[in-house]
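First comes the structure, then the notes that go with it.
The values are calculated or read from the model by the stated rules, or taken from the named source; none is laboratory data. Given the structure is predicted, the values throughout are model-derived calculations rather than measurements. Cβ sites come from the backbone with ideal geometry, for glycine too, and all protein chains shown count toward neighbours. Side chains are part of the model used for accessible areas, which takes the heavy atoms of the whole protein and leaves out ligands, DNA and RNA. Shrake-Rupley method; radii C 1.70, N 1.55, O 1.52, S 1.80 Å.
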Amino acid sequence: MVLTAFSIKKAQVYQLVTEYKTNPIGIDVLKPRLSWQLNSDERNVIQTAYEIRVADSKVNLQEGKNLIWTSGKVESDQSVNVIYEGPKLQSMQRVYWQVRVWDNKNRASAWSTPAYWEMGILDKALWTASYIAMNDITTEKKSHPSQYFRTEFQTNKTIVSAKVQATSLGVYELYLNGKKVGNDLFTPGYTTYNKRLQYQTYDVTNMLKDNNAIGAIVGDGWYRGNIGWKGDYAFYGNQLALLVQLHINYADGSSETIVSNGDWKVSYGPILESDMYNGEKYDARLEMDGWNQNGFDDSNWKKVDILNHSKDILVAPQGPPVRATEEIKTKKLITTPKGELVLDLGQNIVGWARMKVKGPKGHKVTLKFAEVLDKDGNFYTKNLRAAEAKDSYILKGEGEEIFEPHFTSHGFRYIQVIDYPGNLNPDAIIGIVIHSDISPTGSFTTSDPMINQLQSNIQWGQRDNFLDIPTDCPQRDERAGWTGDAQVFSMTAAFNFDVATFYTKWLKDLALDQHDNGSVTNVVPDILTGGEGVSAKGGATGWADAAVIIPWTVYQSYGDKRVLKEQYASMKGWVDFMAQKSGEDYLWNDPKHWHWGDWLAYDADKPDYNGSVTEKDLIATAYAYYSTSLFSEIAKVLGRTEDIDKYAQQAKNIKKAFVQEYVTPNGRLVSHTQTAYAMALSFNLIPENLKEKSAEYFAQDVKKFGHLTTGFLGTPLLCTTLSKIGRDDLAFMLLNRKEFPSWLYPITMGATTIWERWDTQKPDGTIIEGMNSFNHYSYGAIGEWLYTHVGGLRIDPKNPGYKHIIFDPHPGGGLTAAKAEFISLYGKIKSDWEIKDGEFHYEVTIPANTTASVTLSGATSENIKLNSAKLKAEMQKNLKQTQQGVQLELGSGTYRFSYPQPAK
Ligand code: BGC
């Protein structure tokens, strides 16, 4: 067969990623997974074969010489997460790789542009550096000054490459010759530190000189700082430490390793306190000019101690680092009725303020942070509870000074400025947005600005709460990795941003913190263990189920089987725990099983709750069924034959018990609530013959209230289930409602993020006291329905990771247009509809190497037009007329359909 090469413009292989990252260095995945995309906007392109080759240099790779591994030509359409099967790689080994593909039109592509990855430290014996520490072990419950470490060294040979590995007990900033290494924040990141400690690797080849200095600042961070809402400190340890190792390869073939050891010096500096919740106190008069450069006089500094701490727990980071991603200027300068000087950024963000200031030496400026103004327009911080959220800066008095804190963050829209010297120019203080640097993948827009604002609030809520772990909220004295919040939001999260490695990393900590009996902790990393009360116990329904549901979400969204494999024991542990607790009758109705149920449901805290509280044992049994049946599905995906039937049977038994206990022969649920119906119907717990009746009861309840009554567990299922039972009218009614309780009510109150409670702030501006955040993403879980149902862009569960896409848009609620876009591992997917001049216009983009089913509701094979022309015969072949309309099977490409808008 004669192969013609792709013309460069038409199709090439590109976007090569290793373990979801472009050219990562310092990874410790032994068999990394490689993905690429076919760059083609042609119709019906499918990869039929691929060939990968790997070499130790770019030259060898491109010449095809001395290859480390070649896959050979593999007949396969797999272009995502192909496992490297070459020989075991060595520590710090860099390899280059490229790929070429063949397609279903008998064409071969050229070899792709080379990409690379580089291993981290695989052999623990290579950790020759020591943990070094200042002698300030403390048990005091307070924030401490950050510590400054330094050393100097010379190089006098030509350098080929230099990599530094670093980590700390505490959070660190690393400097080489006065410059910060990398732009990551809060390194080494937040893990369950006693079991897993991440180290970072940076390429510093271009930062070295003949005379060098390494400096590092280490702050309390999550390790030793204030954590949890009980004022606890030093959860993981009471002494900070630093570990640094710098490898230099010289042109003469020799190499050298500079390590943290007993020769390093340590000192306190200008950071007097840096606390995650309370903020930073910085005295610029104490700055030590040139401390991180060569030639600094450190004779006043102390020698470090060597700390004996495990190096076996060191791991390379898998998730994205935290970074500053955006700067936000002040929108308004306000003087409040109380006379406070307040800047309004117009958006609730997470991060800090960068301040420019000029004034006399010793003058102190204080910045306080808040999410809202109270009903009188004054600065409001009560909902931060014990978190002070306050940065203060003492000037050195040497002209313009710029302050940014180091190891703290705040959740805020408003900044109160206290004692700013001179006139405050609003541009002198700007908001710096920080979060895990997850790349945006999804967008959803409609013809309705309020719904667009809702989507914006959901996405901001995600940015604000993805700070190395998925937090419940980013502002008060909590900011913990609550499993339930993460679970309910995970699918929406996976539409908005690339969260594959973010969750993969966090799930490892979930599994490590899991109890021996399989029970899953309520927060991960588990900073509640050892504490008292219900929160410390774990095993909460809907929360602990994160162990099964989030890996499933990652598999669905990215086709990632490895996460299922790696989390398998953890999932099984949780599912078995539930089985054991439920006992022989399969009902999880043990009164000792404490959990939050449908947390924060409408009026749930009132004694006369008026029918919105769902019984907790019903919820527990429903979730046990859901996670158990998912687990059986997962066993199927992984081919674990021994578990498939066992857990399918277990699920069946739970369902039978559920029906007997909670469903009347008339299809009514004993908890006659929206949450109960949404859960039972969406988890498939209602027998076929009763579905219609249950659906009717569900709809009646929604109509009776005229609004939602659901909490954390019911809300994500509410609109999806109403749509599933054919009640889009009710789902859109709930979406469009602007009064409390609803998704749009907070927007009428000016919300720019999702609130924790439906009534976090009352219509008269009153703010509920106590636990109350303006930035909790849980209720943002409606995002999934917006993308999949309104936008019509869905995953095919049987062919996940968007290898096969389902397009099925649902106009409604008065919308005249909606567009959902998603950047999948195959490329950009688009589902874009508009109703105009009585016509329904629908455009879809299907990336190369994927296929799709498109449903055009209300269309007929006669009235559909493709690019304004009647469907050609070859398209008619792939068409099925269904009751709903027309269903088409399509290959890659962009298609513009139109047909007369069907009457409702
Ligand atoms: C958190 C929640 C969490 C809950 C458990 C709260 O303090 O903010 O979002 O899931 O506790 O009910």
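A few remarks follow.
- Test for residue 462: is it open to solvent by 10 Å² or more (accessible area, probe 1.4 Å), within 16 Å of the ligand (Cβ to nearest atom) and touching a residue at least 60 places away in the same chain (Cβ under 8 Å): no
- Residue 768 of a type in the set (A, V, I, L, M) and surrounded by fewer than 19 Cβ atoms within 10 Å (Cβ to Cβ): yes
- In segment 571-588, the residues that are crowded, with 19+ Cβ neighbours inside 10 Å, under 25 Å from residue 672 (Cα atoms) and either not aromatic (Phe, Trp, Tyr) or not assigned by TED's automatic domain parsing to the domain that holds residue 621 (or both): 578, 582, 587
- Residues in segment 854-902 that are part of a loop (DSSP other than H, G, I, E, B), without any contact (Cβ under 8 Å) to a residue 12 or more places away in the chain and closer than 26 Å to residue 837 by Cα: 862, 871, 872, 883.
- Of everything in segment 194-219 that is out of contact with any Leu (no Cβ under 7 Å at 6 or more places or on another chain) and farther than 18 Å from residue 258 by Cβ, the residue that is surrounded by the fewest Cβ atoms within 10 Å (Cβ to Cβ) is 194.
- Matching residues in segment 773-796 - criterion: being more than 16 Å from the ligand (Cβ to nearest atom), out of contact with any Asp or Glu (no Cβ under 7 Å at 6 or more places or on another chain) and open to solvent by less than 10 Å² (accessible area, probe 1.4 Å): 782, 783, 785, 786, 787, 790, 791, 793
- Test for residue 602: is it away from the ligand (no atom under 15 Å from the Cβ), modelled with pLDDT under 95 and of a type in the set (Phe, Trp, Tyr): yes
- Set 726, 667: member being open to solvent by 10 Å² or more (accessible area, probe 1.4 Å) and on the phi > 0 side of the Ramachandran plot: 726
- Qualifying positions in segment 379-400 - assigned to a strand (DSSP E or B) and in contact with a helix residue (DSSP H, G or I) (Cβ under 8 Å, 6 or more places away or on another chain): 393, 394
- All conditions but one from (1) open to solvent by less than 10 Å² (accessible area, probe 1.4 Å); (2) closer than 23 Å to residue 655 by Cβ; (3) within 27 Å of the chain's Cα centre (by Cα) apply to residue 694; the one that does not is (3).
- Residue satisfying all of: in segment 359-378; open to solvent by 20 Å² or more (accessible area, probe 1.4 Å) and touching a helix residue (DSSP H, G or I) at 6+ places or on another chain (Cβ under 9 Å); farthest from residue 401 (Cα to Cα) among these: 374
- Scanning segment 401-423 for residues that are open to solvent by less than 20 Å² (accessible area, probe 1.4 Å) and in a loop (DSSP other than H, G, I, E, B) turns up 405, 407, 408, 409.
- Taken as a whole, the condition of being modelled with pLDDT under 95, away from the ligand (no atom under 16 Å from the Cβ), out of contact with any Ser or Thr (no Cβ under 7 Å at 6 or more places or on another chain) and on the phi > 0 side of the Ramachandran plot applies to residue 765.
- Some residue of segment 557-571 being away from the ligand (no atom under 16 Å from the Cβ) and out of contact with any helix residue (DSSP H, G or I) (no Cβ under 9 Å at 6 or more places or on another chain): yes
- Identity of the residue in segment 465-488, acidic (Asp, Glu) and farther than 24 Å from residue 742 by Cβ, that ends up farthest from the ligand (Cβ to nearest atom): 468
- The set of residues in segment 383-400 that are open to solvent by 10 Å² or more (accessible area, probe 1.4 Å), more than 13 Å from residue 368 (Cα to Cα) and touching a strand residue (DSSP E or B) at 6+ places or on another chain (Cβ under 7 Å) comprises 394, 400.
- Failed criterion for residue 339 (all others in (1) surrounded by fewer than 16 Cβ atoms within 10 Å (Cβ to Cβ); (2) farther than 24 Å from residue 469 by Cβ; (3) touching a residue at least 24 places away in the same chain (Cβ under 8 Å) hold): (3)
- Some residue of segment 589-608 being open to solvent by less than 10 Å² (accessible area, probe 1.4 Å), under 22 Å from residue 683 (Cα atoms) and free of Cβ contacts under 8 Å to residues at least 60 places away in the same chain: yes
- Flag for residue 463 being at positive phi and not hydroxyl-bearing (Ser, Thr, Tyr): no
- Condition check for residue 311: surrounded by fewer than 18 Cβ atoms within 10 Å (Cβ to Cβ) and either outside any strand (DSSP E or B) or charged (D, E, K, R) (or both): no
- Cβ-Cβ contacts under 7 Å between residues 6 or more apart (or on different chains), taken from a first residue in segment 642-664 that is assigned to a helix (DSSP H, G or I) to a second residue that is open to solvent by 50 Å² or more (accessible area, probe 1.4 Å), are listed as 644/636; 653/586; 654/586; 657/585; 657/586; 662/670.
- Of all residues making up segment 489-530, the number that are assigned to a loop (DSSP other than H, G, I, E, B) and either within 16 Å of the ligand (Cβ to nearest atom) or open to solvent by less than 10 Å² (accessible area, probe 1.4 Å) (or both): 12
- Residue 102 vs. criteria open to solvent by 10 Å² or more (accessible area, probe 1.4 Å), closer than 28 Å to residue 891 by Cα and assigned to a strand (DSSP E or B): yes
- A residue that is under 20 Å from the mean Cα position of the chain (by Cα), in contact (Cβ under 8 Å) with a residue 40 or more places away in the chain and within 16 Å of the ligand (Cβ to nearest atom) occurs somewhere in segment 401-418.
- The residue that is nearest to residue 785 (Cα to Cα), among those in segment 424-445 that are of a type outside the set (A, V, I, L, M, F, W, C) and outside any strand (DSSP E or B), is 441.
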